[in-house]
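Contents: one structure, followed by commentary.
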Amino acid sequence: MHRQALIVGGGIGGLCAAICLRLTGWEVQVFEQAPEITEIGAGLQISPNGVKILEHIGVMERLESAVFEPEAIEIRMGVSGRPILYLPMKGVAAQRWGARYLQVHRADLITALSARLDALQPGAMQTGCPVRGYAPCKEGAEVILANGRRIQADLVIGADGIHSRIRHQMLGPDAPRFTGNYAWRALVPAAQLGALAPPPSGCIWAGPKKHAVTTYVRGGAVVNFVGIVEQRTWREESWSRTGDRQEALADFDGWAPPLLAILEQAEVLHKWALFDRAPLPKWQDGHVMLLGDAAHPMLPSMAQGAVQSLEDGYHLARALGAAVGPDIVAACARHYGQ
Ligand SMILES: Cc1cc2nc3c(=O)[nH]c(=O)nc-3n(C[C@H](O)[C@H](O)[C@H](O)COP(=O)(O)OP(=O)(O)OC[C@H]3O[C@@H](n4cnc5c(N)ncnc54)[C@H](O)[C@@H]3O)c2cc1C
């Protein structure tokens, strides 16, 4: 049976959904507003629940050279570096949870997902293709591109991230709530840090009213830093805003040498405010679904946003099974327990 899905957003959730639907016989089209895949984003922790999906849908083999498998997840005191907790992961996670716990750069994950999709259905993703909205149509829904073109399908998926236009149209303007935290983000080649490179783990460095997390990406060649600091006021929600080095160093003044070395040596320091959102009353409007951060954005401290987007795409395709016509709407509703 010929079924077509249009996916708004070629991020982690959109690409995973496209692959999973394609593997179950759908024809898919992904519309991504960015003109090309760039380095936006940083390190992601992919826990075993996400790795299992990447293995199952044939993406892991394209990602192997880019991932880093840490020895452990650990907690240390931010100032002294004194170890507090050490949970072995390498060789243990696969035994205990059935897959490895990995760290990866967001751009490498997107590249692997889009390569897999292209192998399954060449040309399925169109970049430089912003979507303006959607409309219901007979037996399905249509996507309205920014250039005014309309395309119909059996299913439209809004996987357009935290600032989702599809969510905005479905539910009106959202009301992000500043969490009282902002975050620093930095990448530094591990070789450049030498003896000051952080431990080969997912390491949480804890302190009063702030904490940092160090991980590795690019197969272990690059250290990824996220430092979260409490502050009462903020205005802007952006992942790409840059920050001042002296300000970052002042925030972590006196902290362990590996953290200060990262802040001193990072070419660019990003600073962004952490906003939260109340759960949405619904994620579906007939043949239109929301998925990933568009439906349920998650704070980075949970380290599950990317993985949850992968799970969304995978389970949505499973829930749809062989559904056609009105059964698609019912299958989507069942998937989201509505
Ligand atoms: C620094 C940082 C660290 C993080 N660490 C982790 C972690 O360790 N583990 C984890 O699981 N998660 C982590 N996350 C969260 C994770 O990156 C997100 O939750 C995840 O990327 C959400 O995936 P998504 O596909 O829903 O959205 P995105 O990946 O944001 O993709 C949305 C896509 O839609 C496109 N788009 C938007 N609007 C339109 C439009 N109108 N038309 C067409 N295209 C459009 C965007 O360009 C984008 O490509 C982290 C996030 C940050 C910022």
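Some points to look at:
- If only residues of the range 310-338 that are closer than 20 Å to Leu171 by Cα and either in a loop (DSSP other than H, G, I, E, B) or within 9 Å of the ligand (Cβ to nearest atom) (or both) are counted, the one that is modelled with the highest pLDDT is Asp312.
- When the strands (runs of 3 or more DSSP E) confined to the range 123-238 are screened for residues that are buried (at least 21 other Cβ atoms within 10 Å of the Cβ), those reaching at least 2 such residues are found at 131-137, 140-145, 155-158, 177-189, 202-207, 210-217, 222-230.
- Long-range neighbours under 9 Å by Cβ, at least six apart or interchain, first residue in contact (Cβ under 8 Å) with a residue 24 or more places away in the chain within the range 72-98, second part of a helix (DSSP H, G or I) and exposed (fewer than 14 other Cβ atoms within 10 Å of the Cβ): Gly81/Pro257
- Yes/no for Lys90 being assigned by TED's automatic domain parsing to the domain that holds Ala197, over 17 Å from Tyr314 (Cβ atoms) and charged (D, E, K, R): yes
- Selection status of Ile7, hydrophobic (A, V, I, L, M, F, W, C), more than 21 Å from Val223 (Cβ to Cβ) and within 18 Å of the chain's Cα centre (by Cα): yes
- The residue of the range 259-269 that is nearest to Tyr182 (Cα to Cα), among those that are touching a strand residue (DSSP E or B) at 6+ places or on another chain (Cβ under 7 Å) and either buried (at least 19 other Cβ atoms within 10 Å of the Cβ) or free of Cβ contacts under 8 Å to residues at least 60 places away in the same chain (or both), is Leu269.
- Matching option when the condition is within 13 Å of Leu259 (Cα to Cα) and among the charged types (D, E, K, R), among Arg185, Arg232, Arg218: Arg185
The values are calculated or read from the model by the stated rules, or taken from the named source; none is laboratory data. Here the structure is a predicted model, which means the values were calculated and not measured. FYI the Cβ positions are ideal-geometry reconstructions off the backbone, even for glycines, and counts take in every protein chain you see.
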